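Participant: Supplied in structure tokens, the structure appears directly below.
The values are calculated or read from the model by the stated rules, or taken from the named source; none is laboratory data. Model, not experiment: these values are computed from the prediction. Glycine also receives a Cβ, built like all others from the backbone with ideal geometry; neighbour counts cover every protein chain displayed. Ligands, DNA and RNA are stripped out before the accessible areas are found, and what is left, the full protein with its side chains, is counted by its heavy atoms. Shrake-Rupley method; radii C 1.70, N 1.55, O 1.52, S 1.80 Å.
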Amino acid sequence: MMTSIKVRLEPNDKQNSKLFQASGTARFIYNWTLARQEENYTLKGTHKNGGKFISDNDLRKEITQLKKTEQYRWLNTVSNNIAKQAVKDGCEAYKKFFKRLAEKPRFKSRRKSKPSFYHDTDKIKFTETHVQLEKLGKVKLSECNRIPTNVKYSNPRVTHDGIHWYISVGVEAEEELYELTGESIGIDLGIKDLAICSNREEPYKNINKGKKVKKSEKKLRRLQRKVSRKYEKNKEGRSYVKTSNIVKLEKNIRKLHRNLDNIRTDYRHKITTEIVKTKPSRIVMESLNVKGMMRNRHLSKAVAQQGFHEFKTMVQYKAERYGIEFVEADTWYPSSKTCSECGYVKPKLSLSERLFVCECCGSEIDRDANASINLSRYKVS
């Protein structure tokens, strides 16, 4: 079984600039790939190129010729595998769009996109304290003995979160056999509480309502107002002048965003680990239309902060690690409308009704607890 390990890097100034150069090259090649595919697609009606999908092999040959020109000679300063993988990523994104598995890929913005690039598996070497990267030399790791040495690695990626650089690799982990309880549990996700489990009386609370998160969000709002006032103060015509004070404030804002994200991610990890460690034989979760929920301007912020997709992904891969069956219930399964006592299905149930009252047997139960019990009994058709 493959498991992913992510460690922070501590590059020096020279290595830091080279890392940004490598990520910039990956972004440029990715955008160039999308542009070539777009250009080819628009020629479909004219039959100049047959409108066929350009393979990544053909695009790589074009890049080889580009590198020989004076304008694009700078592409030779970074590893060749970075450009190759960027082409492959661009082609895969375009293929998924035509197979209707994803939306149409967008061009990566220099200002908004997350700096990242791929590193070749054959040319990466880990020691207890450093990692050897091609054309970058030995880069120090913030954690010793975190990544095993002398093993096969898969899909090494270097990313930047606005503050620090990280490297993540996939390594083969030995599967352990666990004795399961034979129980089937259902998990209902919500806004008021993050998760309600059928085998637990108390729900897992929404950490965004806690003091720690609220205090950080208040500090974030203050900094955002402060930087906004400074931008208005330094406005020259239609453009804004970015002073050194603004740069410092924006760095503090990025740090706060990262801190909030770390708090929420850590909380999700703790909850999902606790759920899986009960060792049930089956875990059932409902299939949520997160994209549709994000369209609701009253709920979009709360939905984004809860991180439903990330929570489900964590439960899924941790369940696989323990040998637990993971089941995703159908989107239209009436888990909230069905009575967990008698099985009566209500024709209508508004979001404001937090207490489920059965019209058939008269039982009263919390709406989310009722849904989690019904999910635990879900049968795959």
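Participant: Name the residues in segment 82-105 that are free of Cβ contacts under 8 Å to residues at least 60 places away in the same chain and either in contact with a strand residue (DSSP E or B) (Cβ under 7 Å, 6 or more places away or on another chain) or over 27 Å from residue 124 (Cα atoms) (or both), would you?
Facilitator: Correct list: 85, 95, 96, 97, 98, 99, 100, 101, 102, 103, 104.
Participant: Return a yes/no flag: does segment 136-143 have any residue that is open to solvent by 50 Å² or more (accessible area, probe 1.4 Å), of a type outside the set (D, E, K, R) and over 30 Å from residue 327 (Cβ atoms).
Facilitator: No: segment 136-143 contains no residue that is open to solvent by 50 Å² or more (accessible area, probe 1.4 Å), of a type outside the set (D, E, K, R) and over 30 Å from residue 327 (Cβ atoms).
Participant: Answer yes if at least one residue in segment 280-290 is buried (at least 16 other Cβ atoms within 10 Å of the Cβ), of a type in the set (Ser, Thr, Tyr) and more than 23 Å from residue 114 (Cα to Cα), and no otherwise.
Facilitator: no
Participant: Can we say residue 86 is more than 21 Å from the chain's Cα centre (by Cα), modelled with pLDDT of 90 or more and open to solvent by less than 50 Å² (accessible area, probe 1.4 Å)?
Facilitator: no
Participant: Still on this structure, I have one more. Which pairs do you get when a residue that is in a helix (DSSP H, G or I) and at pLDDT 90 or above, found in segment 283-308, comes within reach of a residue that is among the small types (Gly, Ala, Ser) and surrounded by 12 or more Cβ atoms within 10 Å (Cβ to Cβ), reach meaning Cβ atoms under 9 angstrom, with the pair 6+ apart or on two chains?
Facilitator: So the pair list comes out as 306/190.
Participant: Give the residues of segment 177-192 that are surrounded by 18 or more Cβ atoms within 10 Å (Cβ to Cβ) and among the acidic types (Asp, Glu), sorted by residue number.
Facilitator: Matches in segment 177-192: 188 only.
Participant: Continuing with the same structure: Just give me the residues in segment 1-43 being basic (Lys, Arg) and more than 20 Å from residue 103 (Cα to Cα), in sequence order.
Facilitator: Answer for segment 1-43, where residues must be basic (Lys, Arg) and more than 20 Å from residue 103 (Cα to Cα): 6, 8, 14, 18.
Participant: Mind listing whichever residues of segment 317-336 are open to solvent by 70 Å² or more (accessible area, probe 1.4 Å) and either under 30 Å from residue 174 (Cβ atoms) or over 31 Å from the mean Cα position of the chain (by Cα) (or both)?
Facilitator: 317, 320, 321, 325, 328
Participant: Return the total of residues in segment 193-226 being surrounded by fewer than 18 Cβ atoms within 10 Å (Cβ to Cβ) and either part of a helix (DSSP H, G or I) or of a type in the set (A, V, I, L, M) (or both).
Facilitator: Residues in segment 193-226 being surrounded by fewer than 18 Cβ atoms within 10 Å (Cβ to Cβ) and either part of a helix (DSSP H, G or I) or of a type in the set (A, V, I, L, M) (or both): 16 in total.
Participant: Can I ask one more? With the requirement that a residue be open to solvent by less than 60 Å² (accessible area, probe 1.4 Å) and in contact with a helix residue (DSSP H, G or I) (Cβ under 9 Å, 6 or more places away or on another chain), what does segment 344-357 give you?
Facilitator: Matches in segment 344-357: 349, 356.
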